[in-house]
Amino acid sequence: MVQNIQIMILGLALGGVYALMASGLTLIFGVMGIVNLAHAAFMMAAAFMAFFIFRDLGIDPIVSIVITMPAMFALGVIVYKLVFARSFADPAKRSVMVLMTFAMALVIEGTLGFFFSNIYRSTTPSYASEAIIAGPFFLPSAQLYAMGLSIVILGALWAMLKFSRTGYAIRATMHNRTAAEVVGVNVDRISMLVFGIGMALAGASGSVLSFVFSFYPGKHWEFVAILLSLVVLGGMGSLLGALIGALSLSVVAAFVSANYGPTWSPVTFYLALFVILMVRPQGLLGKKMEL
Amino acid sequence: MTQAADNAHPGAPVAANVNPSRRNLFIVVIVAALAFPLLQVAVGGLNYYLHMALFLFMNIAIASSWNIIGGYAGYISLGHNVFFAIGGYAAAILFAYFGVSPFIAFPLCGLVSMAAGFLIGAITLRARGPTFIISTIALVLLAKILLDNWPYIGGTNGISLPLLDLPVEYVKFPFYYAMLALAIAAVALSYAIRRSKFGLGLRAISQDETKAEIAGIPTRFYKILAFALSGLFIGMAGALWGYYLTYLSPVIFLSILVGAKFVLMTILGGRGTVSGPVVGAIVFILANEFFVSQFGASELNIAATGLALVVVLMFFPEGIVGTLKKKGRLPKLLDWD
Amino acid sequence: MAHIEINNVVAGYGSGPDILTGITLKIEPDRSYCIIGPNGAGKSTLLKVICGLLQPRSGNVVFNGTNMTGLRPDEVLQRGICFVPQDRSLFPDMTVRENLRMGGYILKDRAEVDRRIESVLGMFPVLAERLGQPAKTLSGGQQQQLLIGRALVLRPKVIMLDEPTLGLAPKISKQIFDSMNQLKAAGISIIVVEQNARLGLKFADWGCVLDLGRMVFEGPSGTVLSDRRIEELYLGRLRKEVAA
């Protein structure tokens, strides 16, 4: 029993981290209608950033989000201006846009791999090898801190969306782009902002993953498939859905991992994706927009 | 004879619509391709060119096949190398465990791929657009984990096959002719689909699936059929390629980069057209070869593939053939639609 | 008051054909307008060009002497022209109050927005009862009232409505036009695109008939309503209704 609760707690912790990673993805989809297949690749870039910040500047990876988030935000704005600014409003071009993100992912992976090679890396702050012992539970500090950070960032995101003027504009654009335009929201600027925010979230995710996982450039595909699975489960465009998807699937995956080995943990997510597609393709809380 | 109209009525005999000079070109090219290995017999030392040629034929077959689902139907599959792997491993199993040569088994392996296509398509094609694309990535990653953990076929260590027992000057010949046959068959299939009611239906689906449904087109069946057909020749190619390499491992067949190249070739040439994938395969193979000789097959290759795709998508998303056609400057030679 | 000039505007969507093929129209102050015409004539497109949702390919739009061509929708809003598109352009999961707040989006002063919302609620008591409800739970008529209310938060000089009675029962449509009469009385210029030509022309002072992207006929609404030619071409069913 204790064993099972422990697994569940760890599953939830990991789910919190995945929720943070998926939030940027689903936000971008909700506003722009584009699935950013390069999201995890950007996360990898941020993870490398955190890695070198830790190794060469001695800055703790959690603290490093102060650097990675703004840097990734800026990168997101640049990428938006270069690649997306004109084209994505046309629904017919959406498939092409998704392909474009795929291509970007390859470019990032190749560049990272070329400069930093394909060896496994992770940042190693002290807590990465510590654990908190609470009663009968043995809880690795890294996962807990990661979860804590994710909660804080997601909470801030939620507050911004719910209460700030910009948050209203973003939500309005997600609900009904034309209506938002008609009340004076500058939907192009909002899209750019959201892409930047999505990238900033990828930046935070990268810092987090640098001490929770060991990573290498090619690993982003695995992350992308996992994130997309839980976003599809929760419903594209729904932040709450992403959270639910992340927590529920991660717990299941944790049990799979504990009982069958960690190799099969990703498979849980992939199979969940196919099951959802068979049963309810729009996910639990998905927008009614074209899948 | 007049140039064939884009939607010539489906029953028309194919030969009657082919421009005579184009038909002559095909004949010349095919005869030349058939005869090329004889040069090796006469002169020798052409193994590199034989290799490039058969690699090209294979990719023509692959690109033309991907085009059926990615171009005609408009459903972009980023994990299509799954069929490559299914065919390859099916052949490897038949050969390693049952002694059946891939040269005999490869059509069966293609059919196995196609059957898998029906099953997989029945699930994944319930989604449209971006969700479908996601499912194709998940598919190839799932397949890799499954194969990595299947000891019967060697898991991550892969499986070795015995070398074909021919002198080194001639060993590539059977592969050469088999791949040539695949290329011709795949292009012929692509052409036949393009001119058929099925092809028209697929095009309607790619333009506006809801309207196509309303118009009475059996969209679900057509999509799944297209997906399955697109796996047929890719499976056969995989069966032969594994034997050619004499070694298969999941990472060779199931890395995302392989699938990405399928996509790049077809889009570069012009998806949705018959000649586009052929042109794309040729251009891509030459560019790739040049790149590898200059920079090696490293991570840079991944970056370059991505960059090439970005450039094509940004500046000429209809591909070489598609863009020329749009501007009315496509040479008749290349207009096979 | 409002004075809008549309000069020889040509416009279309994406890389598609021209929908507006050179339309010229003057919107006088102190007049309300009803635009009618067959499907595809360009009525919605015209409104979108005026409010900045669509940029014209040629021609210009002038408002009170200022050239407005090329302005963004929020800039057009600042100058006092509000647009209520077709298809209930609400934010369905936002509450009625939040929808009204979004109406005042370009105003930075939250307190002022809330004050204005109060006066809008005075005009539409039905909304006051449902402030906390998600907009999608409102009936069709209530949603339309919400849309008009949302537009009013900005105290516009001109309100343009695209088919406000689409999908509404006759009784509710009448209510909507009653609200619009209130707006007229308050001095707001109204331009309405209406399929229900009879209701629309009864409400408005002036009628404009669009076809194939240009103005075919305009005049006092009474004249338009009774013109044989127009009747036959565009109001065909009207004759049958009257005969029956």
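Spot the failing condition for A:ALA258; the list is (1) surrounded by fewer than 21 Cβ atoms within 10 Å (Cβ to Cβ); (2) over 22 Å from A:MET8 (Cα atoms); (3) among the small types (Gly, Ala, Ser), and only one is missed.
(2)
For the condition part of a helix (DSSP H, G or I) and modelled with pLDDT of 90 or more, what is the one hit in B:LEU333, B:LEU268?
Working: B:LEU333 fails: modelled with pLDDT of 90 or more.
One residue alone meets the criteria, B:LEU268.
Are there any pairs with C-beta distances below 7 angstrom linking a residue in the stretch C:144-170 that is hydroxyl-bearing (Ser, Thr, Tyr) to a residue that is in a helix (DSSP H, G or I), with the two at least 6 apart or on different chains, and if so which?
C:THR165/C:SER173; C:THR165/C:ILE176; C:THR165/C:LEU199
Going through the stretch B:283-311 one residue at a time, which ones are of a type in the set (Gly, Ala, Ser) and loosely packed, with under 14 Cβ neighbours inside 10 Å? Step through it out loud before you land on a result.
Here is the first cut: in the stretch B:283-311, the ones of a type in the set (Gly, Ala, Ser) are B:287, B:293, B:296-298, B:303-304, B:306, B:308.
Answer for the stretch B:283-311, where residues must be of a type in the set (Gly, Ala, Ser) and loosely packed, with under 14 Cβ neighbours inside 10 Å: B:SER293, B:GLY296, B:ALA297.
Residues B:ARG220, B:ARG271: which one is within 29 Å of B:PHE198 (Cβ to Cβ) and crowded, with 24+ Cβ neighbours inside 10 Å? Full working, then the answer.
Working: B:ARG220 fails: crowded, with 24+ Cβ neighbours inside 10 Å.
The unique qualifying residue is B:ARG271.
Kindly evaluate A:ALA47 against the criterion of being more than 14 Å from chain B (Cβ to nearest Cβ), surrounded by 22 or more Cβ atoms within 10 Å (Cβ to Cβ) and farther than 30 Å from B:LEU268 by Cα.
Values: more than 14 Å from chain B (Cβ to nearest Cβ): yes; surrounded by 22 or more Cβ atoms within 10 Å (Cβ to Cβ): yes; farther than 30 Å from B:LEU268 by Cα: yes.
Yes.
Determine the pairs where a residue that is more than 7 Å from every other protein chain (Cβ to nearest Cβ), located within the stretch B:114-132, has a partner that is β-branched (Val, Ile, Thr) and surrounded by 24 or more Cβ atoms within 10 Å (Cβ to Cβ) with Cβ atoms under 8 Å apart, the partner being 6 or more residues away or on another chain.
B:ALA116/B:VAL82; B:ALA116/B:ILE86; B:ILE120/B:VAL82; B:PHE132/B:ILE76; B:PHE132/B:THR124
Can you pull out the residues in the stretch A:181-192 that are buried (at least 22 other Cβ atoms within 10 Å of the Cβ) and within 7 Å of another protein chain (Cβ to nearest Cβ)?
A:GLU181, A:VAL182, A:VAL183, A:GLY184, A:VAL185
What is the residue count in the stretch A:153-180 for residues that are more than 14 Å from chain C (Cβ to nearest Cβ) and either surrounded by 13 or more Cβ atoms within 10 Å (Cβ to Cβ) or more than 19 Å from the chain's Cα centre (by Cα) (or both)? Spell out the reasoning first.
Quick first cut of the stretch A:153-180, residues more than 14 Å from chain C (Cβ to nearest Cβ) only: A:153-160.
Narrowing the set further to residues that are either surrounded by 13 or more Cβ atoms within 10 Å (Cβ to Cβ) or more than 19 Å from the chain's Cα centre (by Cα) (or both) leaves A:153-154, A:157-158, A:160.
Of the residues in the stretch A:153-180, 5 are more than 14 Å from chain C (Cβ to nearest Cβ) and either surrounded by 13 or more Cβ atoms within 10 Å (Cβ to Cβ) or more than 19 Å from the chain's Cα centre (by Cα) (or both).
Yes/no per residue for (1) buried (at least 18 other Cβ atoms within 10 Å of the Cβ); (2) outside any helix (DSSP H, G or I):
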residue: C:GLN182; (1), (2): no, no
residue: C:ILE190; (1), (2): yes, yes
residue: C:GLN195; (1), (2): no, yes
residue: C:LEU199; (1), (2): yes, no
residue: C:LYS202; (1), (2): no, no
residue: C:GLY207; (1), (2): yes, yes
residue: C:LEU210; (1), (2): yes, yes
residue: C:GLY219; (1), (2): no, yes
residue: C:THR223; (1), (2): no, no
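Name every residue in the stretch C:30-50 that is under 10 Å from the mean Cα position of the chain (by Cα) and farther than 20 Å from C:VAL10 by Cβ, in order of residue number.
Result: C:TYR33, C:CYS34.
Let me confirm something: among B:TYR97, B:TYR72, which residue is modelled with pLDDT of 85 or more and touching a Lys or Arg at 6+ places or on another chain (Cβ under 8 Å)? If you could, list the steps in order and put the result at the bottom.
On the way: B:TYR97 fails: touching a Lys or Arg at 6+ places or on another chain (Cβ under 8 Å).
Just one listed residue meets the conditions, B:TYR72.
Could you please let me know if C:GLN78 is within 13 Å of chain A (Cβ to nearest Cβ) and either within 20 Å of A:ASP188 (Cα to Cα) or among the aliphatic types (A, V, I, L, M) (or both)? Reasoning before the result, please.
On the way: within 13 Å of chain A (Cβ to nearest Cβ): yes; either within 20 Å of A:ASP188 (Cα to Cα) or among the aliphatic types (A, V, I, L, M) (or both): yes.
In short, yes.
For B:THR273, which of the numbered conditions (1) assigned to a helix (DSSP H, G or I); (2) away from every other protein chain (no Cβ under 14 Å); (3) touching a residue at least 40 places away in the same chain (Cβ under 8 Å) fails to hold?
Of the numbered conditions (1) assigned to a helix (DSSP H, G or I); (2) away from every other protein chain (no Cβ under 14 Å); (3) touching a residue at least 40 places away in the same chain (Cβ under 8 Å), the odd one out for B:THR273 is (1).
Quick one: which helices (runs of 4 or more DSSP H) lie wholly within the stretch A:204-291 and hold at least 2 residues that are in contact (Cβ under 8 Å) with a residue 60 or more places away in the chain?
On the way: elements: A:220-234, A:239-260, A:265-279.
It comes to A:220-234, A:239-260.
Determine if the stretch B:118-127 includes at least one residue that is part of a loop (DSSP other than H, G, I, E, B), in contact with a Phe, Trp or Tyr (Cβ under 8 Å, 6 or more places away or on another chain) and surrounded by fewer than 18 Cβ atoms within 10 Å (Cβ to Cβ). Working first, answer last.
First, pick out the residues of the stretch B:118-127 that are part of a loop (DSSP other than H, G, I, E, B): B:125-127.
From the residues that got through so far, the ones that are in contact with a Phe, Trp or Tyr (Cβ under 8 Å, 6 or more places away or on another chain) too are B:125.
Pick out the ones that are also surrounded by fewer than 18 Cβ atoms within 10 Å (Cβ to Cβ) and you get none.
Within the stretch B:118-127, none of the residues are part of a loop (DSSP other than H, G, I, E, B), in contact with a Phe, Trp or Tyr (Cβ under 8 Å, 6 or more places away or on another chain) and surrounded by fewer than 18 Cβ atoms within 10 Å (Cβ to Cβ).
Looking at the stretch A:118-148, which of the residues that are among the polar types (S, T, N, Q) and touching a residue at least 40 places away in the same chain (Cβ under 8 Å) is surrounded by the most Cβ atoms within 10 Å (Cβ to Cβ)?
Filtering the stretch A:118-148 down to residues among the polar types (S, T, N, Q) leaves A:118, A:122-124, A:126, A:129, A:141, A:143.
Now narrow it down to the ones that are touching a residue at least 40 places away in the same chain (Cβ under 8 Å): A:118, A:122-124, A:143.
Working: A:ASN118: 15, A:SER122: 20, A:THR123: 25, A:THR124: 16, A:GLN143: 22.
Per the criteria, the residue is A:THR123.
Per-residue answers, yes or no, for (1) crowded, with 18+ Cβ neighbours inside 10 Å; (2) at pLDDT 85 or above:
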{"position": "B:ARG23", "(1), (2)": "no, no"}
{"position": "B:ILE30", "(1), (2)": "no, yes"}
{"position": "B:GLN40", "(1), (2)": "yes, no"}
{"position": "B:GLY45", "(1), (2)": "no, no"}
{"position": "B:TYR48", "(1), (2)": "no, yes"}
{"position": "B:ALA53", "(1), (2)": "yes, yes"}
{"position": "B:ALA61", "(1), (2)": "yes, yes"}
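Restricting the search to the stretch A:93-104, which residues are aliphatic (A, V, I, L, M) and within 7 Å of chain B (Cβ to nearest Cβ)?
Narrowing the stretch A:93-104 to residues aliphatic (A, V, I, L, M): A:96-100, A:103-104.
A:VAL96, A:VAL98, A:LEU99, A:MET100, A:ALA103, A:MET104, listed by residue number.
Please find, among A:PHE54, A:PHE115, the residue that is more than 14 Å from chain B (Cβ to nearest Cβ) and more than 19 Å from the chain's Cα centre (by Cα).
Details: A:PHE115 fails: more than 14 Å from chain B (Cβ to nearest Cβ).
Selected residue: A:PHE54, the only one of A:PHE54, A:PHE115 that is more than 14 Å from chain B (Cβ to nearest Cβ) and more than 19 Å from the chain's Cα centre (by Cα).
Restricting the stretch C:60-111 to residues that are among the polar types (S, T, N, Q) and under 26 Å from A:LEU240 (Cβ atoms), which is surrounded by the most Cβ atoms within 10 Å (Cβ to Cβ)? Spell out the reasoning first.
So the first thing to find is which residues in the stretch C:60-111 are among the polar types (S, T, N, Q), and the list is C:60, C:64, C:66-67, C:69, C:78, C:86, C:89, C:95, C:99.
Now narrow it down to the ones that are under 26 Å from A:LEU240 (Cβ atoms): C:89, C:95, C:99.
Working: C:SER89: 22, C:THR95: 16, C:ASN99: 27.
Of everything passing the filter in the stretch C:60-111, C:ASN99 is surrounded by the most Cβ atoms within 10 Å (Cβ to Cβ).
Any idea how many residues of the stretch B:217-265 are closer than 24 Å to B:SER206 by Cα and of a type in the set (Val, Ile, Thr)? Explain how you work it out, then say what you get.
The first filter runs over the stretch B:217-265 and keeps only residues closer than 24 Å to B:SER206 by Cα, leaving B:217-234, B:259-265.
Going one step further and asking which of them are of a type in the set (Val, Ile, Thr), we end up with B:217, B:219, B:224, B:234, B:263.
The total comes to 5.
C:LEU127 passes all but one of (1) aliphatic (A, V, I, L, M); (2) within 14 Å of chain A (Cβ to nearest Cβ); (3) buried (at least 22 other Cβ atoms within 10 Å of the Cβ); which number fails?
Looking at each condition in turn, C:LEU127 falls short on (2).
State the number of residues belonging to the stretch B:137-153 that are more than 9 Å from chain A (Cβ to nearest Cβ), more than 26 Å from A:THR101 (Cβ to Cβ) and part of a helix (DSSP H, G or I).
Result for the stretch B:137-153: 4.
Against the condition outside any strand (DSSP E or B), within 10 Å of another protein chain (Cβ to nearest Cβ) and either over 17 Å from A:LEU14 (Cβ atoms) or at pLDDT 90 or above (or both), how does A:PHE195 come out, does it pass?
Details: outside any strand (DSSP E or B): yes; within 10 Å of another protein chain (Cβ to nearest Cβ): no; either over 17 Å from A:LEU14 (Cβ atoms) or at pLDDT 90 or above (or both): yes.
For A:PHE195, the condition - outside any strand (DSSP E or B), within 10 Å of another protein chain (Cβ to nearest Cβ) and either over 17 Å from A:LEU14 (Cβ atoms) or at pLDDT 90 or above (or both) - is not met.
I'd like to know if the stretch C:105-115 contains one or more residues that are out of contact with any Ser or Thr (no Cβ under 9 Å at 6 or more places or on another chain), at the interface with another protein chain (Cβ under 7 Å from one of its Cβ atoms) and within 16 Å of A:ALA180 (Cα to Cα).
Here is the first cut: in the stretch C:105-115, the ones out of contact with any Ser or Thr (no Cβ under 9 Å at 6 or more places or on another chain) are C:105-115.
When the remaining residues are screened for being at the interface with another protein chain (Cβ under 7 Å from one of its Cβ atoms), the result is C:105-106.
From what is left, the residues that are within 16 Å of A:ALA180 (Cα to Cα) are C:105-106.
Within the stretch C:105-115 (the criterion being out of contact with any Ser or Thr (no Cβ under 9 Å at 6 or more places or on another chain), at the interface with another protein chain (Cβ under 7 Å from one of its Cβ atoms) and within 16 Å of A:ALA180 (Cα to Cα)), the answer is yes, since at least one residue qualifies.
Among the residues of the stretch B:84-115, how many are crowded, with 17+ Cβ neighbours inside 10 Å and polar (S, T, N, Q)?
The total comes to 1.
The values are calculated or read from the model by the stated rules, or taken from the named source; none is laboratory data. Predicted model, so just to flag it, every value in this text is computed and none were measured. When we count neighbours, we look across all protein chains shown, and the Cβ atoms used for this are built from the backbone with ideal geometry, even at glycine.
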